[in-house]
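Peer 1: Got a structure for you, written out below as structure tokens; questions coming shortly.
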Amino acid sequence: MWDNPRLVNAAASALYALALALIAYAVALVLAESPAFSLKTIVVGGELRHVARGEIVGALQGRVKGTFFTVDLEAVRALFEGIPWVRRAELRRGWPDRLEVRIEEHVALARWGQRRELRLVNTHGELFSGQSDATLPVFSGPAGSEGEVTRRYLAFRSLLAPLTLEPSQVLLSSRLAWQLRLSNGLGVQLGRDSDKDRVDERLARLVSVYPQTLGESRHRLDYVDLRYPNGFALRVPEGAGPETRARKRV
């Protein structure tokens, strides 16, 4: 090999290129860790209504490591998304010494469970921790059912719109039966979906006859049971008048 000038020159060139690459890597590593490129500013954007500056400072204080080149963006994103009311954070580097962050807040749609649990459901059907003084409907259901309860709530609200009523409570039981409490206080037992009769179809039937039936009642109604194939049962509060349990055909 050493008697072949071409091979010797090729080997020398390869070693020279490797040495240059190692030098460039070492220089880049030194520059990346250099205090000259330490992060000095974090710019936060987005429409913030619930996230306060103090919460951001508290979540990031002493936890953002590295320089402009070495900072772990995923780790910083996780810090932001651990702040209450932050649904998503998008980060990018801003030359030469800052991070630019855009925050998307949760938009609360309903409360989940009891008020003391401090859990809310956003408009995407996602559960999150937070407090709100707004008047919100209450959802409840088995673990992991938040998305389905949200989807059904929106469907029920649309069906009830002609009556200017809304669901104030939506409950999905462990047996997958649906119950509503409407904005006028009326309880609605919808039952379970079946192949022949889905709960939204039952509610639609009630809406279609409500103005001529329940809407004309002289009594304050307490409860309506829609789990009948061709009618429903009514109940008025005790002391409000004669018991109204007779099934009404629709």
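Peer 1: Go through (1) in a loop (DSSP other than H, G, I, E, B); (2) within 23 Å of residue 233 (Cβ to Cβ); (3) modelled with pLDDT under 95 and name the single condition residue 176 misses.
Peer 2: Tallying (1) in a loop (DSSP other than H, G, I, E, B); (2) within 23 Å of residue 233 (Cβ to Cβ); (3) modelled with pLDDT under 95, residue 176 fails exactly one: (3).
Peer 1: Please verify whether the stretch 113-134 includes one or more residues that are more than 24 Å from residue 210 (Cα to Cα), open to solvent by 80 Å² or more (accessible area, probe 1.4 Å) and either among the aromatic types (Phe, Trp, Tyr) or modelled with pLDDT of 95 or more (or both).
Peer 2: So far as the stretch 113-134 goes, yes, one or more of its residues are more than 24 Å from residue 210 (Cα to Cα), open to solvent by 80 Å² or more (accessible area, probe 1.4 Å) and either among the aromatic types (Phe, Trp, Tyr) or modelled with pLDDT of 95 or more (or both).
Peer 1: Which residues, taken from the stretch 169-186, are open to solvent by 40 Å² or more (accessible area, probe 1.4 Å), on the phi < 0 side of the Ramachandran plot and touching a residue at least 12 places away in the same chain (Cβ under 8 Å)?
Peer 2: Residues satisfying the conditions are 169, 171, 174, 175, 181, 183, 184.
Peer 1: Residues to consider are 212, 189; find the one that is touching a strand residue (DSSP E or B) at 6+ places or on another chain (Cβ under 9 Å), open to solvent by 10 Å² or more (accessible area, probe 1.4 Å) and either more than 26 Å from residue 53 (Cα to Cα) or modelled with pLDDT of 95 or more (or both).
Peer 2: Of the residues listed, the single one that is touching a strand residue (DSSP E or B) at 6+ places or on another chain (Cβ under 9 Å), open to solvent by 10 Å² or more (accessible area, probe 1.4 Å) and either more than 26 Å from residue 53 (Cα to Cα) or modelled with pLDDT of 95 or more (or both) is 189.
Peer 1: Let me ask something additional. Going through the stretch 222-250 one residue at a time, which ones are modelled with pLDDT under 80, open to solvent by less than 90 Å² (accessible area, probe 1.4 Å) and either in a loop (DSSP other than H, G, I, E, B) or over 11 Å from residue 186 (Cβ atoms) (or both)?
Peer 2: Matches in the stretch 222-250: 230, 231, 236, 237, 239, 240, 241, 244, 246, 248, 250.
Peer 1: Please determine whether any residue of the stretch 60-69 is open to solvent by 80 Å² or more (accessible area, probe 1.4 Å), outside any helix (DSSP H, G or I), among the hydrophobic types (A, V, I, L, M, F, W, C) and at pLDDT 60 or above.
Peer 2: yes
The values are calculated or read from the model by the stated rules, or taken from the named source; none is laboratory data. Here the structure is a predicted model, which means the values were calculated and not measured. Positions of Cβ are backbone-derived with ideal geometry, glycine not excepted, and every protein chain shown enters the neighbour counts. Calculation scope for accessible area: heavy atoms of the full protein, side chains included, ligands and nucleic acids excluded. Shrake-Rupley method; radii C 1.70, N 1.55, O 1.52, S 1.80 Å.
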